[in-house]
Structures are given as structure tokens and as C-alpha cells.
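Have a look at the structure below before the remarks.
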Amino acid sequence: MARTARKSMARTLGTSLLATAAIGALVATTAGALGVSEASAQSSNSGDSLNLPPLSSGPAGSVESAETIARSSLGLIANGSLLNSDAPTLAPLSTGVAPLSTASMSGPAGSLVTPALMGSTLAMSLIPVGSLASGTQILGTLLGPDAVTRGVGSLTGPGYAVPKPNPDITETKVVRKKTESNPNVRDGLEVWTVSSAKMQREVDVEVYLPTDESKQQDANVLYYLDGVDTLNPSGFRTLTSGPNRVRDANVIGVAPTGAPGSNWTEWNQDDPHLGRNKWDTFLTEEFPQILDEEVGKNEDRKYGVTGVSMGAGSALQVAAAKPGFFATAGGVSGCYSTTSDLGYETLRLSIETRGGNMTNMWGPRNAPEWQARNLPDHPEKLQGTKVFMSAATGAIGAEDAKRYGSDPGVLFSGYVLEAGTRECTNQMDSALKGAGVEHETFLMPTGVHNWSTFTPGFDKAMDYMLPELAQP
């Protein structure tokens, strides 16, 4: 038994070292393509992160050297068994996801085509879906939590502590309102601080009411669920066209904040770090009650829900948790599986990088709640809801390079995460087709997991969802 344990430890260590070398090679190649020096690439991942090993062999930036490094240094990635030495060899990216090759990089308008970038992208494309799941386990260790945070789109502002349950909060109501302005938001917005009886805490909710007060009582509602840090102000407010578009459609926009790492779902137990999370109840029961009280009761009010990254999977999850409640639901760069390795590790990344305990959410892995929440197995729960999904490939495009070219950690983690969401989206698309659920899927040829990809996906989501909610 001791010998077996030592061999297993040695295999794991060896695999981790290969993974470290892989990421170093890929990041260094990408950095060279974007004009980033090795020194700046390392300094951008300072603090808790690892200084990545330099690219040391082959002509810098050549397709051949990148592919050779990937195949020789990273045999375990190429064979599909990264960080799982006991796993069988896994297939490359499924047929639903085109490999990220030099051909795919040279075609799409707006893609950044340089030999070095094609080299790093080609090397990245060798990582199969099975290894993408394992890759999420090592991102925080190899690139550092800050790089992972940036890689999942948390670029809206500083974080904050999650309120602990307060037993004195027993009533759901608005405790205060304030009006705020933002250069991105025409006519400003209101921030309602709502006490949630279910969560026994206060929640700051951004509310975007139709400018014409006579339209407010009859207005339908669109929720926006943010990514992993769920910051205040929200990404909806600072980084999207959403506030002005909902106003133009006479729809009430609602962006709750303060749910970092929660997956915007109903947790079984309180978490020491993430507090009490009962978001299904808040979104489908408590806040609708608040709206009826504040803008007038409307028995025919329709609801939609959309989100990016963590909020994308959550948007479809909350819609499936209460079939028939949401008229439309949309996910931008999200994962919708809870039982696959890829889906599980995606959830784990959002929870554990924020200090949470996975078992406090739905119990141990593969417990009944995990099974029930696995949307590809239960697409029928979305019957009657018009569904939108979007995803890119992780291939670095011109906008990615422009925004994040000085931060290779974001580019690599953004590749792993977005390639994973593309696979998740393909899987969910197939399930919805099989169940006959009305939906639209928008796939982009380039884009890492960040706002360079979220923005066009979100705009397409608005194009699809707002007509279902708009009023004259």
C-alpha cells in the first residue's frame, strides 16, 4: 500500500511539473506574440503565483517549436491524462468544437494572426476536454488566484465581505434606496437595499426602471447575474449595454450583487466564508414580492434571466429550478453540467477560489441534488422558456490581445475556461435540440473567457431575449 501511495504521488508530482512546463511554454510563446517580454510576463503573475518557466528551445514563436514543445514536454496533456495518471487516454476536443488550428486562426475577420500566436494557439488546441477539467484544478496554483480571477472576468472593481446571517432579519422588504449615476447608464439607476428573510441578510440590488413611470407597473423584468465576484457596481452597469437597452424596451433591469462564488443557487448549508445563499428563492419569490410592492402588482409580469461566466450557468439553473417562471433565459460563456468532470471542476473553481466549501452547496459530489441540477440530463425543465447561449473557443483574437496582451496569465486561463464553456455549450445545445426546447446558440471563432468575449455574446443575448419581454 505504501509503495502504491508513493507511486501515485510520484505520478501526480510528475504530471504537475509537466503541466507547469506546459503553461510556461504556452504563456511565453503567447507573450512573445503579443510583444510581452519574459520579465513582464513573470512580473504580471507576482504575489501568490508561480514564476513561469521561460520558453527555452526552438525558434521563438514558430508554429513548429510550439507544437513540438506541447507534444514533447506535455505528453500527458496531448494524451488527455493531465493530472489523472490513472485515467484512460481521452479524446481531443469533441467534434462539436473545431480544433484551434492555424487554419481557424487565419480565417475569421478580426483574429490576430502572427506566427507566434498561431503557435501558442495550436499548442493550446492539443489540450482535450478531459484535460480542461483537470486544468481548472491547477490554474489557481500555477497562475495564482489573481490571474484566475482576472481570467473569469472579474474586472469590475474591488471585492467585499459577504454578510453573515442576521437572526434579527425576519422580513423581506426594501430598507433603503439611493439614486446613482454612471457614465454608462442613461438617466441613472436606483440601488435598493433589500432585506432577505430567507438569507437573513441585506442585498444591494441595482434597479433600472423605465424612464416613463406610467410604464413601470406593466413592465416585465430581466435579471442579470454577474460572474464569480458579483461585484458592486455590477458588470451589467459598468461593462454592458444592458441598462440602456432594457430602458429602450420598457423592461425593468435588475442586477443583484453580493454573491461571490455562490453560483447564484440554493445552498443546503451556510458556508463559513460565503455565508447563506438562497438565490433561487430570492430571485423567484422574494424579489418579485418586492417589485409588486414598489411598482405595483402585475399578475401577468414576465421574467427573464441572463448572466455571464458563473452567472451564465446559474441563469439556466434558476430557470430550470422553477419551470415556467421564466419566459426566457440566457447564458454567456457558461457551463450547464454539474456531474461531468468539466462541469464539476468549473463549479469548484468558482467556489473554492472564493474560499467556499463545495459540499455546503448541494452535498457531496453525485448526491441527488447534483444529479437533479445536471441540465443536459434534464433539458425538459426548460420547456416553455426561450433559451439563449453563446461561447467562443479560447483562441486569442484581436480584442483579447488588445485588452489583455500584457497579462499572459489571463490569456492562458481565459483559453482553458472558454474552451471548456464551448464544450459545455455544445453539450447543452444538443440536449435542448433533443428535447425540442426553443433556443438559439451563438458561437464565436475566437475569444478568451473575459469581457472581450462576454460583450458580443451579451449583445446577442439581448437581441434574442428582449423582444420576449419588451412592451411598446
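The values are calculated or read from the model by the stated rules, or taken from the named source; none is laboratory data. Model, not experiment: these values are computed from the prediction. Cβ atoms come from the backbone with ideal geometry, glycine included; neighbour counts cover every protein chain shown.
Here are the numbers for this structure:
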read-out	value
Condition check for GLY235: at pLDDT below 95, over 23 Å from LYS198 (Cα atoms) and in contact with a helix residue (DSSP H, G or I) (Cβ under 9 Å, 6 or more places away or on another chain)	yes
Selection within segment 416-435 - under 17 Å from LEU349 (Cα atoms), modelled with pLDDT of 95 or more and among the β-branched types (Val, Ile, Thr)	THR421
Test: residue in segment 292-300 that is modelled with pLDDT of 95 or more and over 20 Å from THR172 (Cα atoms)	yes
Qualifying residue in segment 403-415 (condition: modelled with pLDDT under 95, in contact with an Asp or Glu (Cβ under 9 Å, 6 or more places away or on another chain) and not hydrophobic (A, V, I, L, M, F, W, C))	yes
Conditions (1) surrounded by 15 or more Cβ atoms within 10 Å (Cβ to Cβ); (2) modelled with pLDDT of 95 or more; (3) out of contact with any Ser or Thr (no Cβ under 7 Å at 6 or more places or on another chain); number of the one not met by THR170	(1)
Residue in segment 323-350 that is surrounded by the most Cβ atoms within 10 Å (Cβ to Cβ), counting only those that are within 17 Å of VAL221 (Cα to Cα) and among the aromatic types (Phe, Trp, Tyr)	PHE326
Filtered residues of segment 181-197 (kept if within 17 Å of THR238 (Cα to Cα) and without any contact (Cβ under 8 Å) to a residue 40 or more places away in the chain)	SER181, PRO183, GLY188, GLU190, VAL191
Residue among THR339, THR328 that alone is assigned by TED's automatic domain parsing to the domain that holds THR455 and part of a loop (DSSP other than H, G, I, E, B)	THR339
